[in-house]
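See below for the structure under consideration.
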């Protein structure tokens, strides 16, 4: 009789590491090029015991198993898992203090806890360190996501063993606890999502589960928060089935709260499938709907025919009254070559410098600007220094004699900068004017 060894989670992880490496041979997954799916030499039992004795900490069992049975750091989410030695050196706070963070922390709790770190400009270094230890205490830094974002392991208390994503301290932004209860479950999910070819750019921050599981969670959710998280969890799918698209269409038609999220998810897979919804948003009287449609077209419309959307957007330019919406109009129209100085003239000559700046950037690639010198003169007549600066940065110096007085006024500020000086000289050369033209009284 043959007795097969029972597969353990550690066995699965070792197998899936190899499978993930075969799946991502080009190391396209974020951070993979740094660890290449290789783990470091395992920690010995004695080394683990010595570390725990020295630091007076007993590591959560799943994490300790990883260190001693899989590897002492190496391959893992984002830029990988630190070795225990590196984790210790990267952890500034006291390991043995109480962990006060929890997954259900309200913004009010967080703001009260972090107030000395955010609002107290006169706090001493010692007081700052003590306040930081209160927030970060009882956790071990096990890796980084890059920039200001790190990954911590809770070492004690009710949430012992859970992973926390941290960042700098900001009001109303409590640190995020991942969905899994322990290190190994979180780590295995990372491997599963690579093997399944999910979009894991923000791995761990979205609800786990495949399409059917998330649909079930949404339909049975006890509150709006769970519904929202279930829908947002679907952003990790690069493609979705027709069944899921039909579900999302029903959400878009019946659920106002989740309408724009559902439309975005439909369009992520197929802009054509969401075309009617997008046109509704573009025609909506609510600016937030219009802006959301612009975002969706910009994110997901790169490879489809946008002519129908472009026509609607061009007809709607007179409803754009804020810089953010104008910026997104520019993003969408630029790729289709639909921006001209003529149709953006109302924004270029607007009395709000922020709208002018957004319009200047949007029209930076328009050709034959000198033919629209009257619009440009009207814009420069306002005299706002930032607006003039942005025209020079994004447009260069437009060669037209009617515009020379405005450039001459700016010449002293730019003549000692070689890059800008060349732009001014190029303008003079094109107009057959002497190099010292701007220096003459």
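The values are calculated or read from the model by the stated rules, or taken from the named source; none is laboratory data. On a predicted model such as this, the values are computed, not experimentally measured, just so you know. With ideal geometry, Cβ positions are generated from the backbone for all residues, glycine too; neighbour counts draw on all protein chains shown.
Observations on the model:
- Condition broken by residue 200, with the remaining ones in (1) surrounded by 17 or more Cβ atoms within 10 Å (Cβ to Cβ); (2) under 27 Å from residue 175 (Cα atoms); (3) modelled with pLDDT of 95 or more satisfied: (3)
- Helices (runs of 4 or more DSSP H) wholly inside segment 245-340 that include at least 3 residues being in contact with a helix residue (DSSP H, G or I) (Cβ under 6 Å, 6 or more places away or on another chain) and under 25 Å from residue 387 (Cα atoms): 323-336
- Of all residues making up segment 345-365, the number that are touching a residue at least 24 places away in the same chain (Cβ under 8 Å), crowded, with 18+ Cβ neighbours inside 10 Å and in a loop (DSSP other than H, G, I, E, B): 2
- Selection within segment 378-427 - more than 22 Å from residue 346 (Cα to Cα), within 36 Å of the chain's Cα centre (by Cα) and buried (at least 16 other Cβ atoms within 10 Å of the Cβ): 414, 420, 423
- The set of residues from segment 375-388 being without any contact (Cβ under 8 Å) to a residue 12 or more places away in the chain and either in a helix (DSSP H, G or I) or closer than 23 Å to residue 336 by Cα (or both) comprises just one member, 385.
- Filtering segment 203-228 to residues that are closer than 18 Å to residue 164 by Cβ and touching a helix residue (DSSP H, G or I) at 6+ places or on another chain (Cβ under 8 Å) leaves 203, 204, 206, 207, 208.
- Against the list (1) touching a strand residue (DSSP E or B) at 6+ places or on another chain (Cβ under 7 Å); (2) closer than 21 Å to residue 145 by Cβ; (3) in the same structural domain as residue 14 (by TED's automatic domain parsing), the condition residue 160 fails is (2).
- You will find that of 96, 91, 44, the residue that is at pLDDT below 95, touching a helix residue (DSSP H, G or I) at 6+ places or on another chain (Cβ under 9 Å) and loosely packed, with under 13 Cβ neighbours inside 10 Å is 96 and no other.
- Residue check for residue 58: under 24 Å from residue 130 (Cα atoms), more than 31 Å from the chain's Cα centre (by Cα), modelled with pLDDT under 95 and surrounded by fewer than 17 Cβ atoms within 10 Å (Cβ to Cβ): no
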